[in-house]
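Taking it in order: structure first as C-alpha cells, then the write-up.
The values are calculated or read from the model by the stated rules, or taken from the named source; none is laboratory data. In this text, all values refer to a predicted model and were calculated from it rather than measured experimentally. Cβ placement follows ideal geometry from the backbone for every residue including glycine, while neighbour counts extend to all protein chains displayed. The accessibility values were calculated without ligands, DNA or RNA, using every heavy atom of the protein model including side chains. Shrake-Rupley method; radii C 1.70, N 1.55, O 1.52, S 1.80 Å.
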Amino acid sequence: AVPRTRILATGGASHNKKILQVLSDVFNAPVFIIDTANSACLGSAYRAIHGLVAERNVSLADVVKLAPEPRLAVTPTPGAEEV
C-alpha cells in the first residue's frame, strides 16, 4: 500500500540522514528529498506558475508534473510509532 503521508525535505538538513530518520519516525511517514539546487524555492516557483495559468483551469497537480522526482531517503523504523 502506498502511504498517504510523505515528507519532502529540502535544504541543508536534508543531507543529514539522522535528522531525516527522526522526522520519519516522529511522523511515521517516509521522507523524500529532491536533488535540485535551491529546492526550498521550488514550491513557491510552482505556485507562481500555477497563478499565471489559473485562468486556463490548469491544476497545481498538472503544473508540478514537470518537477524533479523526489528520491526516497528514509522510512520509519518499525515500531517507532509506539514510542
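Scanning the range 10-42 for residues that are at pLDDT below 90, under 28 Å from THR77 (Cα atoms) and open to solvent by less than 80 Å² (accessible area, probe 1.4 Å) returns THR10, GLY11, GLY12, ALA13, SER14, ILE34, THR36, SER39, ALA40. Close contacts from the range 63-83, counting a first residue that is touching a residue at least 12 places away in the same chain (Cβ under 8 Å) and a second that is of a type in the set (Phe, Trp, Tyr) and not in a strand (DSSP E or B), with Cβ to Cβ under 7 Å and a gap of 6+ residues or different chains, come to VAL63/TYR46; VAL64/TYR46; ALA67/TYR46.
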